[in-house]
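Beneath this line is the structure, given in structure tokens, with notes to follow.
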Amino acid sequence: MLPVSFHPDLQKAVSEYSPPESLRFGDAKAPVMFRADYCNGQWQQAELLPYGPISLDPSVKVLHYGQEIFEGMKAYRVCQERPQIFRPHKNWRRFNSSASRMHMPEVPEALFMAGIEWVTGYCEHMIPPGSGQSLYLRPFLFATEPSLHVSRSDQYSFMVIASPSEGFQSGSIEVLIEREYTRTAPGGVGSAKTGGNYAASFYSGERARQLGYDQTLWLDPRQHTYIEELSVMNFFAVIDGELHTPELSGSFLEGITRDSLIALARQQGLVVHERPMAVDALVADIQAGRCTEAFCCGTAAILLPFKALGEADGTRYPLAHPQGHIGAQLKQQMLGIQEGRVEDQLDWMVTVPEACRPG
Ligand SMILES: Cc1ncc(COP(=O)(O)O)c(C=O)c1O
């Protein structure tokens, strides 16, 4: 196991922690965090320490040039004896692919896994045990070289924090087809999980809410024709009983939930198409009754069915199955695996070692 040092106040922080009243997604913070710094071309000793503010020089490059990446993943302890994390090695690979796109050092697998496993192990007793609840894990890497020089940083911090949480959202949602603004572009950083992509979505997200929608559906930036993804989720539609999802184009995020749903659907004999999906053709399929359901998926919410797609002028295209049918079955199966109720045939769950418990 990777050597980690333990802050002297760690046990106190864990024993004095009282669980929050509200588990609204991402609000509560677990009492421990993990940190390893990178300088002189090397990773330094990692430390597990009490959660708290960090001190930064005002000139660090992350604050000026946005050199930053993150991941989002979940640890569960619903029907399991020991906490289990869903497909963490996939998150690690995506983290490093984001790091490479943002010209940052890769985080070794042992360091990434140590971060999420120590934080989860120390927080084992505060992982909420209800169905839909989990310990949301947030690994992140950011540039800490104190310099205004516009160039790649030569110092970084890798950290992991966590949040005992409910699911991100539930129910079915109405989604605005975003025909005006775009978020990413081919050759850009849309397939990297970097903060700027999210900041770039907030304006449209607020506009969508003001127009009475829950989320934005992004289209390709060149022609405003092909569906890409939502701001934090990937997109699927059921057309003539088969699943369709936009093929990976490099300009949106390769979702791990997307990949998992495709695998589960194919395992059940469903036909899955990964292809360019023109939004107007989809609207025509909805209106002709061929597209009966549509949904989005991601780690935070797992899967959310659509009540309707719609336009900025208020025109709505309601779905025949607003609660989802195929989507609802896939979600139950996926949650069943994550929560330890359904056999994990594809070996997705990673059990946190006993050794990562406090004291
Ligand atoms: C932009 C974006 N697309 C898609 C997803 C879904 O990815 P995943 O299923 O790995 O959570 C996310 C969430 O991380 C996201 O931020």
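The values are calculated or read from the model by the stated rules, or taken from the named source; none is laboratory data. Note that this is a predicted model, so its numbers are computed, not measured. Counting neighbours? That spans all protein chains shown, and the Cβs are built from the backbone with ideal geometry, glycine included. When the accessible area is computed, the model is the full protein with side chains, heavy atoms only, and any ligands, DNA or RNA have been set aside. Shrake-Rupley method; radii C 1.70, N 1.55, O 1.52, S 1.80 Å.
Of Leu330, Leu335, Leu304, Leu282, which residue is hydrophobic (A, V, I, L, M, F, W, C), under 26 Å from Ser231 (Cα atoms) and away from the ligand (no atom under 16 Å from the Cβ)? Talk me through it step by step, then tell me what you get.
Numbers: Leu330 fails: away from the ligand (no atom under 16 Å from the Cβ); Leu335 fails: away from the ligand (no atom under 16 Å from the Cβ); Leu304 fails: away from the ligand (no atom under 16 Å from the Cβ).
Matching residue, one of Leu330, Leu335, Leu304, Leu282: Leu282.
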#### Entry: Residues (in a strand (DSSP E or B) and open to solvent by 30 Å² or more (accessible area, probe 1.4 Å)) located in the range 23-48
Arg35, Asp37, Tyr38, Cys39, Gln42, Trp43, Glu47
### Summary
With the first residue restricted to the range 277-304 and required to be in a helix (DSSP H, G or I), and the second required to be open to solvent by 10 Å² or more (accessible area, probe 1.4 Å) and within 16 Å of the ligand (Cβ to nearest atom), Cβ contacts under 9 Å at 6 or more apart or on different chains are Val279/Tyr226
### Query
Failed condition for Pro20, given (1) out of contact with any Gly (no Cβ under 6 Å at 6 or more places or on another chain); (2) under 20 Å from Ala162 (Cα atoms); (3) not in a loop (DSSP other than H, G, I, E, B), with all others met?
(3)
### Message
Any residue in the range 48-73 that is more than 13 Å from Phe95 (Cα to Cα) sitting within a Cβ distance under 6 Å of a residue that is open to solvent by less than 70 Å² (accessible area, probe 1.4 Å) and among the basic types (Lys, Arg)? List the pairs, counting only those 6 or more apart or interchain.
### Response
Gln67/Lys61
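Can we say Thr351 is farther than 26 Å from Trp118 by Cβ, surrounded by fewer than 21 Cβ atoms within 10 Å (Cβ to Cβ) and hydroxyl-bearing (Ser, Thr, Tyr)? Talk me through it step by step, then tell me what you get.
Details: farther than 26 Å from Trp118 by Cβ: no; surrounded by fewer than 21 Cβ atoms within 10 Å (Cβ to Cβ): yes; hydroxyl-bearing (Ser, Thr, Tyr): yes.
For Thr351, the condition - farther than 26 Å from Trp118 by Cβ, surrounded by fewer than 21 Cβ atoms within 10 Å (Cβ to Cβ) and hydroxyl-bearing (Ser, Thr, Tyr) - is not met.
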#### Entry: Residue tally, condition open to solvent by 10 Å² or more (accessible area, probe 1.4 Å), within 16 Å of the ligand (Cβ to nearest atom) and within 19 Å of Thr225 (Cβ to Cβ), over the range 263-279
1
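Select from the range 87-112 the residues that are open to solvent by 20 Å² or more (accessible area, probe 1.4 Å) and in contact with a helix residue (DSSP H, G or I) (Cβ under 8 Å, 6 or more places away or on another chain) and write down the one among them that is farthest from Ala143 (Cα to Cα). Walk me through how you get there before you give the answer.
Of all residues in the range 87-112, those open to solvent by 20 Å² or more (accessible area, probe 1.4 Å) come to 87, 89-90, 92-94, 97, 100-103, 106, 108-110.
This time we only want the ones that are in contact with a helix residue (DSSP H, G or I) (Cβ under 8 Å, 6 or more places away or on another chain), so: 87, 89-90, 92, 94, 106, 109.
Working: Arg87: 27, His89: 23, Lys90: 23, Trp92: 18, Arg94: 18, Glu106: 13, Glu109: 20 Å.
So, considering only residues that are open to solvent by 20 Å² or more (accessible area, probe 1.4 Å) and in contact with a helix residue (DSSP H, G or I) (Cβ under 8 Å, 6 or more places away or on another chain), the one farthest from Ala143 (Cα to Cα) is Arg87.
For the range 72-103, what are the residues that are more than 16 Å from the ligand (Cβ to nearest atom) and either in contact with a Leu (Cβ under 6 Å, 6 or more places away or on another chain) or not in a loop (DSSP other than H, G, I, E, B) (or both)?
Gln84, Ser100
Condition first: open to solvent by less than 10 Å² (accessible area, probe 1.4 Å) and not charged (D, E, K, R). Now tell me which residues in the range 164-182 satisfy that. Explain how you work it out, then say what you get.
From the range 164-182, those open to solvent by less than 10 Å² (accessible area, probe 1.4 Å) are 164-165, 173, 175-178; that's our starting set.
Pro164, Ser165, Ile173, Val175, Leu176, Ile177, listed by residue number.
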### Query
Considering only residues of the range 51-78 that are aliphatic (A, V, I, L, M) and over 21 Å from the mean Cα position of the chain (by Cα), which is nearest to Glu117 (Cα to Cα)?
Ile54
### Task
Of the numbered conditions (1) of a type in the set (A, V, I, L, M); (2) at pLDDT 95 or above; (3) open to solvent by 30 Å² or more (accessible area, probe 1.4 Å), Ala185 fails exactly one; give the number of that condition.
(2)
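Could you list all residues from the range 244-262 that are part of a loop (DSSP other than H, G, I, E, B) and surrounded by fewer than 21 Cβ atoms within 10 Å (Cβ to Cβ)? It would help to see each step written out before you state the result.
Start the filter on the range 244-262 by keeping residues that are part of a loop (DSSP other than H, G, I, E, B), which leaves 247-255.
Result: Glu247, Leu248, Ser249, Gly250, Glu254.
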### Message
Can you tell me which of (1) touching a residue at least 60 places away in the same chain (Cβ under 8 Å); (2) surrounded by 19 or more Cβ atoms within 10 Å (Cβ to Cβ); (3) not aliphatic (A, V, I, L, M) is the one Lys331 doesn't meet?
### Response
(1)
### Query
Of all residues in the range 132-163, which are touching a Phe, Trp or Tyr at 6+ places or on another chain (Cβ under 6 Å) and either surrounded by fewer than 17 Cβ atoms within 10 Å (Cβ to Cβ) or aromatic (Phe, Trp, Tyr) (or both)?
Phe140, Tyr156
### Message
Please verify whether Ala192 is within 12 Å of the ligand (Cβ to nearest atom), open to solvent by less than 30 Å² (accessible area, probe 1.4 Å) and either modelled with pLDDT under 95 or not in a strand (DSSP E or B) (or both), treating the condition exactly as stated.
### Response
yes
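Out of the residues in the range 232-243 that are open to solvent by 20 Å² or more (accessible area, probe 1.4 Å) and either of a type outside the set (D, E, K, R) or outside any strand (DSSP E or B) (or both), state the one that is nearest to the ligand (Cβ to nearest atom). Write out each step before concluding.
The initial filter retains those residues of the range 232-243 that are open to solvent by 20 Å² or more (accessible area, probe 1.4 Å), namely 232, 240-242.
Subsequent filtering for residues that are either of a type outside the set (D, E, K, R) or outside any strand (DSSP E or B) (or both) retains 232, 240-241.
Details: Val232: 4, Asp240: 25, Gly241: 24 Å.
Selected residue: Val232.
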